[in-house]
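A quick write-up on the structure given underneath.
We did not get these values from a lab; they are worked out from the coordinates using the rules stated. Note that the structure is a prediction, hence the values are computed from the model and not measured. Cβ sites come from the backbone with ideal geometry, for glycine too, and all protein chains shown count toward neighbours.
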Amino acid sequence: MSPVTARRAIRVLRPDSPGEAVRLARQFRAPYTAGGTWLQPAHERDQCWPEKLVALNASWPAFRGLEEGPDGLVVGALTSLSEMARHLLAREYLPPLAVFLNQVAGPGVRALGTVGGNLIVGGDLSALAMALDVRVDVVGHAGERALPLSLWLRERAPDDLLRGFTIPDCRGWRMSLEKLGYRERFSPTRATLACVHDGVRVRLAVSGEGGLLRLAATEAFVHDQAASAPGDFGAVIDRELAAHGWQDPDLRMALRRMTEGLLSEVALGT
Amino acid sequence: MTRPTQPEICTPERVTFKLNGDVISQRVAPATTLLDILRDSGRITSARAGCRIGRCGACTVLLNGEAVPGCLVMAWQLSDCTVQTVEGLTEDPDFVQVRDALATESALQCGYCTPGIAVSLVSGLRQQQSGDAVDLQEAVAGNLCRCTGYGGLKRAIAVLTEASSET
Amino acid sequence: MELKAQPAMAGTSVLQRIEGRFGYATDQQHLPGLLHGVILRSRHAHARLLRVDTTRARSMPGVRAVVTAADVPGLNRFGIVVRDQPVLCEDRVRYEGDAIAAVAADTLEQARAALALIDVDYEPLVVVDQAETAEQMAPLHGESNVVARDSLARGDSNAAFARCAVIVEHHYQTPRQMHAFMETEGGVAIPDNNGGVAFRVGCQSGHRDVEQLADILGLKPSQVTVEATPTGGAFGGKDELTIQPVAGILALQTGFPVLIHLDRFESCRVGIKRHPVSVVMTTGCDRQGRILAHRVDALLDTGAYASLGPAVLENFLDHATAPLYRIEAYSVSGRLVYTNNGVSGAFRGFGGNQATFAVESQLDALAGKLKMCPLQLRRINLRTVDEPGSRGQAVRWTAPPTEVLAEAAASPLWLPAAADACGRWLTGTGMAMGAQGNGLGDGLPDSGGGRMSLTAEGRIRLEFGFVDYGQNLVEAITCLVCEALGCAASDVDVVLGNSRGPDSGPTSASRSSVLVQGVLATILPRWQDRVRDQAAALTDLPRDELDSGPGGLFVNGQRVLSYQELAKKGQPEQTMVDASQEFPVAPEGNQPVGRYLQLQIATVARVAVDRLTGRVRVTELHHITAAGRVIYPPGYLGQIEGAAIMGLGMALTEDMPTREGRYLADNLDQYMIPTMHDVPDQRVDILDNTPETDPFPVRGVGELGIEAVVPAICSAIEAATGIRLRHLPVDAGSLLSALCAQEEQRL
């Protein structure tokens, strides 16, 4: 597909079903668009657009809204960020989310932007989703599948369409979120950190400049070695971040201290 | 992506939506922004292209009642939607309340960002009325103002908050 | 005395602004026959232009004109101080915003499509991207990359340094700040039937722009009109010509009105910025804290063109002499160099606030070494109102500097307990002072005129050449007129910004309020005399008993004639009064003559520093201002608050760094100006001891609020953390690593 330089030249394909959307995306190698809040700034910047966009439709079954299912809270990918912030089920399952979302983009962008879009671009929600081990529900060219987010991100096909995700029943878990940006609101994230205690274990994940990462080694250290070698926490998390693309040492230092802060909020309550 | 060298063909589609109470039905390329549709209509000057990437709030309008940046809404998303701009809100009691607070508290200088701020505040007030605990300061977190340092705006919001807590 | 927010004057312009129908330059999209203009910018920071081929572009649909350097009818250069910037580049581009060609077409999309088909061959040249080494590089203009070199000296500083007990020397670096006005550069050029052009644009000086535009367009000044429309912010960034020259050329070529409105990406790339300054300051004092010697060596990067750089350098050096303080000997010097790093020019503060940041930081450093309270050190060194200025010139203060300091010392922001070393947030309070002179400065012609009349409809009309870009000038003029005449605000019309009207000079250098007050002092009584004469003739009432008031003229509290009746029955055209006023400078014999009218500010800042991440929140700001009489309180408050937040941005988040001459941010998602949530509560106090008889009781406060806020924030950060930051904006990472190093030392 050849790119175009003007919005007026973009064709927006309007499939009737998710399956049709996947087929069109595959046939034309065209990106999906829903809220368009990430896609448009990127292309306005370089004035170079994909020739075709595949429009997603929030009225397709299970694509929008929140509901409780047998495995937890099911969230439609086309739910807007502001809908999510307001939703009572979100408040019940994810108590810190509503306040945290004030720091995600601005209110107008949250009204348009979707939770699915945010997850896919490694946005502020992805750290929390990773720490919660959400399962994604994906429509692909070979059919539908459900799998852990972390796995999907590793093997994702370009035409995979995210229908939604399931958050495990996390009511009663303790969780804490923190974003480090350049300013207090409406800032790109430098580092967003999620810390979740599921009653047994602590889970940590980070997104931002260095990319999305579940801090598995740090989690393991917190559980298994903290008692034996308490002084080494900093070295463990620093090594893990550095090994996974977090190049800025000052930012790693900030993350280390933010993690200590969140751990003391979440874990020390046990 | 390599840059194209030839001019491109446009594929207009009909879009029908309500603007300030009037039905608008026109053929337009589907990725055209709502902001451009409004500005090109010749009727709207309150929504402004401050950044074109949804980061300044100067083009904020109400889309189905929610405050959104008009530069991030594409024509294909508009079908059967309701759009309100300041031009269509001048008789609206919420807007009048916001306007009076902004004027009295000198919440503006050059005024270029102000209609967008007013729309965000109207949206915030209405969410409050529908029972949501919305902080009006959060409602304008996406509206940049370079002149005032937000002092007058903070005072205007204090006035609005006091008025709404009395009712 | 705290300046409390007061209800604003509910003028119609305020409602028009809120309702989005105020008529900004870039709102004029529906003029008959309007064409859209776009400008081709350089792809390189520095290159030779080998070929510019417009053939393909000309054949595109809707295209009415494609122009290059060869189409500039007159002088292909502009610039307020040095005319060194091409309207359209001939054979060389010097920054990546340089204009090469332009297109006018029926629609914006057609214009853009054609622009993309202009073929340009470049031969890239070595990029001068380091101000430090620019002098050794091949010159971008003329003989050398040093645009200006300037110095100020007083006494024998070497000898004075030799007697110092304590000397501090530090390097300071300030950011390349962007104005980030919300309305990007734009406007319309409208050809008339006689070969002339009328401009309706956002700008800062219609009259001065006429001169430059006439030269560029090859027209007589009488053929060019500039109407400065309401402007969506300027802050110095619209002082130079922006889109006017190209819009004018396209309008003349096509015979149709041409609108050019830069989008934010282009505005970021093209628009001027605040000069980044790299400066080493060395300052010494005796054991008692008396400052004896001060040395400054500064380097300002003006980018590809001089713009107002030489004047900015001069103002920087003036402020670098530490005008508030008595210093026995100083030697202050600076260089302004060309580079390929964009273009820097006028920006609120105009070099002065960069210097004050370094000066005030030096004072804190001296106090630290002496283990003396920084306020005490200032108290010892502050000038009295009877002393001349730092350059020996006559000055007029509106309050003694020590009183300003005393009010800052009494600020409630000092009261909270010392920094809490255990919690997450380290808090601290700091302060800094600053002084500013109003007016264009030394050696520049500086005067301004105004006009008053009664219109045929019976409106009291005031005309000035100043531009309304949001500084509440209309309200201030209305207040002064109402106060003098006793009339109602609704009787008064204020008309600004037309080059056919009175020339008031540029809307810059905090000069408008001073000139408005001066001009009104002349024209108000003369206008009133004429009105009284006419009213007396119409009513047969004794002339001296007629007083102007709300809606008309009164005798003994009774209205006897409305302004409408007067205009209808009398000769309103006979009431027109013009006057011009020289900007107040030091009386004869004094050198230098500029910066006669002085203003002061002390800013007290309270900050919280996050121990976990190093980020800084400014939690409170308290300003003590001594800037003469307050004409319109909401306007005064808004100017101080707005400028202070601009300074907050400069201290904490704003910078436009470059790599190989290219800006690294191109829109408001990358260039971070403060949001409402980055902004603390502010308090503004007024200290005004100007005597009733003072001929210049009013001062301009447009730039005062940015003067001291940056060093005050840095001082507060030091109070909170013990770490002094001298390179701006504050880098949270560096602050964090310094905090960590400090913690390790303690362990």
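Scoring C:616-623, C:401-408, C:466-473, C:541-548 by mean Cβ neighbours within 10 Å over their residues and listing the highest first yields C:466-473, C:616-623, C:401-408, C:541-548. Count Lys and Arg as plus one, Asp and Glu as minus one, and take only other residues whose Cβ is under 12 Å from that of A:L81; the net charge is then -1. Listed by Cβ neighbour count within 10 Å, with the fewest neighbours leading, C:H275, C:H44, A:H141 appear as A:H141, C:H44, C:H275. When only alpha carbons are used to place a centre, region B:46-100 and region C:688-714 end up 39 Å from one another. Relative to the 2.2 N^0.38 Å rule of thumb, region C:226-385 has a C-alpha radius of gyration ratio of 1.38. Distance between the C-alpha centres of region C:480-558 and region A:154-200: 64 Å, rounded to the whole angstrom. Counting Cβ atoms of other protein chains within 10 Å of each residue's Cβ and taking the mean over peptide B:88-101 gives 1.
Summing +1 for each Lys or Arg and -1 for each Asp or Glu among the other residues whose beta-carbon sits under 11 angstrom from that of A:W173 gives +2.
Karplus-derived 3J(HN,Hα) values for region A:118-130, using 6.51 cos²θ - 1.76 cosθ + 1.60 with θ = phi - 60°, are 4, 5, 5, 8, x, x, 4, 6, 5, 5, 5, 4, 5 Hz; glycine and proline are entered as x.
Only Cα pairs under 8 Å and 6+ residues apart enter the sum, and on that basis the relative contact order of chain C stands at 16 percent. Have a look at the DSSP beta bridges in chain C and tell me what percent are antiparallel, nearest 5. Percentage antiparallel, nearest 5: 75. Normalised Debye scattering of the protein assembly as shown at q = 0.08, 0.09 Å⁻¹ gives log10 I(q)/I(0) of -0.93, -1.19, counting only Cα atoms as equal scatterers and leaving out solvent.
Its Cα gyration tensor gives region B:77-167 an equivalent ellipsoid, and the semi-axes of that ellipsoid, as √(5λ) in whole Å with the largest first, are 20, 17, 13. Would you give the gap between the C-alpha center of region A:11-77 and the C-alpha center of region C:326-373, rounded to a whole Å? Using only Cα atoms to place each centre, the spacing works out to 53 Å. Each peptide in B:50-57, A:81-88, C:92-99, C:70-77 was scored by the mean count of other Cβ atoms within 10 Å over its residues; highest first, the order is B:50-57, C:92-99, A:81-88, C:70-77. Each stretch of four or more DSSP H residues adds -39500 (n - 2.57); spread over every residue of chain C, this sum gives -8000 deg cm²/dmol at 222 nm. The residues packed around C:Q581, meaning those with a beta-carbon under 12 Å from its beta-carbon, carry a net charge of -3 if Lys and Arg are +1 and Asp and Glu are -1. So what does the Cα-only Debye profile of chain C read at q = 0.08, 0.11 Å⁻¹, as log10 I(q)/I(0), no solvent term? With one equal scatterer per Cα and no solvent, log10 I(q)/I(0) is -0.68, -1.21.
Shielding by partners for peptide C:9-18, expressed as the average number of C-beta atoms from other protein chains within 10 Å of each residue's C-beta, is 5.
Magnitude of the charge dipole for region C:616-729, about its Cα centre and with charges confined to Cβ atoms of Lys, Arg (+1) and Asp, Glu (-1), is about 240 debye.
Over region C:240-363, calculate the relative contact order: mean separation of alpha carbon pairs under 8 Å at least 6 apart, over the residue count, as a percent. Rounded, it is 29 percent for region C:240-363.
Report summary: the helix-based calculation at 222 nm, which adds -39500 (n - 2.57) for every DSSP H run with n ≥ 4 and divides by the residues of chain A, gives -10000 deg cm²/dmol.
Kirkwood radius and radius of gyration were both taken over the C-alpha atoms of region B:19-146, and their ratio Rg/Rh is 0.95. Counting only other chain Cβ atoms within 10 Å of each residue's Cβ, the peptide A:33-41 averages 5.
Averaging the sequence gap over all C-alpha pairs within less than 8 Å and six or more residues apart, then dividing by the number of residues, gives chain B a relative contact order of 21 percent.
For region A:73-149, the share of alpha carbon pairs falling in successive 5 Å distance bins from zero is 3, 15, 26, 29, 15, 7, 3, 1 percent.
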